[in-house]
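The values are calculated or read from the model by the stated rules, or taken from the named source; none is laboratory data. These figures come from a predicted structure and were not determined experimentally. Here the Cβ is made from the backbone with ideal geometry for all residues, glycine too, and neighbour counts use every protein chain on show.
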Amino acid sequence: MESRILLAWVLVCSLLRLSATQNPLPEGVLNCCEGDVLFLLDSSGSVSSYEHSRMLTFLSELLLPFSLGEDQVRVGLLQVGTKPRLEFGFDTHNTQSGLQGALRDTKPLRGDTNTEEALRMAKDWVLRPGAAGGARAELPRVLVWLTDGVKPGDVIGPMAELREEGVAVLVVSTGHSNYQVLRQVVSPPVEDHLYFVDIDDMSIITDDLRDAIIEIIRAERLQIQDVSTNSATLQWRPVLSGLTGYYEVRYGPLPTGGAGGGGVGGTGTSPSTSGSQYQRLTQPADSSTAKLTGLKPDTTYIATLTPESNEQVLNTLSVTFSTKPEVLSPAVVTVSESGLTSVRVSWGPLQPESVRSYHIEYSALPSGELHTVTVGRGQNSTLLKNLQPDTTYLVTVSARHSSGKERAMSVKVCTREVMPALADLQLTTVGSDSVQVDWKGGVAGLRGYWLTWEGQEGQRGSLSSQPSSLYLPPNSLSTRLTHLPPSTRVCVSPVYRTARGEGLCCTAQFHSDALIYGYRS
């Protein structure tokens, strides 16, 4: 009987191997992209075998649709442990079947979460263009960090260095990570590049993360960047690099009813850019950008790029874009660093090429003395000092433009209220479950007092109670709390018009030899 069962298993395994040989994994179908994507996978001791397996399954599904190869997408995997290890580099797998097999065979490293060392390897080696087996020059580079959030180390600095070198950073967290830390390491926009998900629900972010990666590594042959009211930058991949020749660039207003590339970054068939209304310039074969100048505000333009070479025939590319409408500074005025006697006022946009100076006027409402400050054209903020606390001011920022135009914008600002801290708090136990609470107050401008109390976890394992609160009017300087747990934390805070002031807290202990517990300043 046992021999027949064993024979049956052998036949099943043979059929499965035959099926896998006859039906290999399909190759990718997304031919949209060019770039190098490195996955930084946490496989330290804080990640269980089950979680590690789920992360690899997620990567498998995420990457399956991509076309791999030297002219398309390349993938690397760097695991984080005590000694981080590059499982495979960008030049290892050019087929989906090879990549999927490598993901299935990846084993966790265990040990400490040495993310800092892994990031050093990524920066100095894997993601460095020109390094042996490293990233390709002139193509997008992406780092996707998969972490459970358990003690990753100091990653803010290394991640910032990667972003400064042009690497796009995305993060997937499967644990209770520090949101403030992770939002600092990802590339903007944060909402598109930072994901929090349970390990069993990772599939719900597969499409969104894939789309975010595609947005970064999409193969745009002709792009418009740094669009302003009167200029823009045309950028392209240097297809003539290594060839003799030059690029011819033409640009001008899009004719009414003309068909262009469909917006910034688009390519396609365009109207002819011949004629006197179009400007022409040439760029050498090794260049990849051209500055388009002399443009009019709020106007739609078309630009064409024609690579000219006797060695190879290349297509003309085109793109349409619209310049920004003319905006005179200040278009926005904001307030920050509001204190008792000072506030910082900022404005924008900063236009040093057209503004001669900024004039700031401010006075207390309704009829305070008028004060003035003048700052240079390169300054977009100033600190207003010697103000009155808890007072509303009207601030007007005026710009004097070189053209003779003037523009002004006003905003109301408020200084902070004076909020003295509570000076004295005393608790007196009354019986076995009550406490008399006394404090000193009576400061001008006080609106009342806010009391909170909560039972603490005791030495004998008693559980803490839910917090309770009570508001008392400003003429109240004492109250009695009853039916309290054996160890209760009592806090009293003064309440002012705009916020609570600094309060004091004491813990009441109920046992026979303790009569008074308190705090005096």
Scan of the range 335-355 for residues that are in contact with a strand residue (DSSP E or B) (Cβ under 7 Å, 6 or more places away or on another chain), surrounded by fewer than 13 Cβ atoms within 10 Å (Cβ to Cβ) and at negative phi, ordered by number: Ser336
Lone unmet requirement of (1) of a type outside the set (Asp, Glu); (2) at pLDDT 90 or above; (3) over 42 Å from the mean Cα position of the chain (by Cα) for Gly461: (2)
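Under 18 Å from Leu146 (Cβ atoms), in a loop (DSSP other than H, G, I, E, B) and among the charged types (D, E, K, R), is that true of Lys107?
Details: under 18 Å from Leu146 (Cβ atoms): yes; in a loop (DSSP other than H, G, I, E, B): yes; among the charged types (D, E, K, R): yes.
Yes.
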Counted residues, the range 498-518 - those being surrounded by 10 or more Cβ atoms within 10 Å (Cβ to Cβ), modelled with pLDDT under 50 and assigned to a loop (DSSP other than H, G, I, E, B): 1
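So for the range 424-436 (the condition being within 41 Å of the chain's Cα centre (by Cα) and hydrophobic (A, V, I, L, M, F, W, C)), does at least one residue qualify? Walk me through how you get there before you give the answer.
Restricting attention to the range 424-436, the residues satisfying the condition of being within 41 Å of the chain's Cα centre (by Cα) are none.
No, the range 424-436 has no match at all.
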Any hit, the range 84-100, residues being free of Cβ contacts under 8 Å to residues at least 12 places away in the same chain and out of contact with any Asp or Glu (no Cβ under 7 Å at 6 or more places or on another chain): yes
Hits in the range 357-400 - residues which are in a strand (DSSP E or B) and farther than 14 Å from Trp347 by Cβ: Ser363, Ala364, His371, Thr372, Thr392, Tyr393, Leu394
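Please find, among Ser346, Ser434, the residue that is touching a residue at least 12 places away in the same chain (Cβ under 8 Å), closer than 30 Å to Ser231 by Cα and polar (S, T, N, Q). Spell out how you get there, then give the answer.
Values: Ser434 fails: closer than 30 Å to Ser231 by Cα.
Step by step, each of Ser346, Ser434 is checked, and only Ser346 is touching a residue at least 12 places away in the same chain (Cβ under 8 Å), closer than 30 Å to Ser231 by Cα and polar (S, T, N, Q).
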Boolean, Gln184 is in a helix (DSSP H, G or I) and surrounded by fewer than 13 Cβ atoms within 10 Å (Cβ to Cβ): no
Yes/no for Val375 being touching a residue at least 12 places away in the same chain (Cβ under 8 Å), over 26 Å from Lys291 (Cβ atoms) and not polar (S, T, N, Q): yes
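From the residues in the range 187-206 that are free of Cβ contacts under 8 Å to residues at least 12 places away in the same chain and part of a helix (DSSP H, G or I), which one is farthest from the chain's Cα centre (by Cα)? Before the answer, list the steps.
Looking only at the range 187-206, we keep the residues that are free of Cβ contacts under 8 Å to residues at least 12 places away in the same chain, and these are 188-191, 201, 204.
Still in the running and part of a helix (DSSP H, G or I): 190-191, 201, 204.
Numbers: Val190: 3, Glu191: 7, Asp201: 22, Ile204: 21 Å.
Of everything passing the filter in the range 187-206, Asp201 is farthest from the chain's Cα centre (by Cα).
Look through the range 207-250, keep the residues that are hydroxyl-bearing (Ser, Thr, Tyr) and at pLDDT below 95, and return whichever of them is nearest to the chain's Cα centre (by Cα).
First, the residues of the range 207-250 that are hydroxyl-bearing (Ser, Thr, Tyr): 228-229, 231, 233, 241, 244, 246-247.
Remaining after also requiring at pLDDT below 95: 228-229, 231, 241, 244, 246-247.
Numbers: Ser228: 25, Thr229: 28, Ser231: 28, Ser241: 35, Thr244: 43, Tyr246: 39, Tyr247: 37 Å.
Filtering first and then ranking leaves Ser228.
Output the residues belonging to the range 136-154 that are part of a loop (DSSP other than H, G, I, E, B) and more than 15 Å from Leu194 (Cα to Cα). Steps first, answer last, please.
To start, the set of residues in the range 136-154 that are part of a loop (DSSP other than H, G, I, E, B) comprises 136-140, 148-154.
Those that are part of a loop (DSSP other than H, G, I, E, B) and more than 15 Å from Leu194 (Cα to Cα): Arg136, Ala137, Glu138, Leu139, Pro140, Val150, Lys151, Pro152, Gly153, Asp154.
Looking at the range 118-135, is at least one residue free of Cβ contacts under 8 Å to residues at least 40 places away in the same chain, assigned to a loop (DSSP other than H, G, I, E, B) and touching a Pro at 6+ places or on another chain (Cβ under 7 Å)? Break it down stepwise before answering.
So in the range 118-135, the residues free of Cβ contacts under 8 Å to residues at least 40 places away in the same chain come out as 120, 124-125, 128-132.
Next cut, assigned to a loop (DSSP other than H, G, I, E, B) only: 128-132.
Cutting the leftovers down to touching a Pro at 6+ places or on another chain (Cβ under 7 Å) gives us none.
For the range 118-135, residues free of Cβ contacts under 8 Å to residues at least 40 places away in the same chain, assigned to a loop (DSSP other than H, G, I, E, B) and touching a Pro at 6+ places or on another chain (Cβ under 7 Å): absent.
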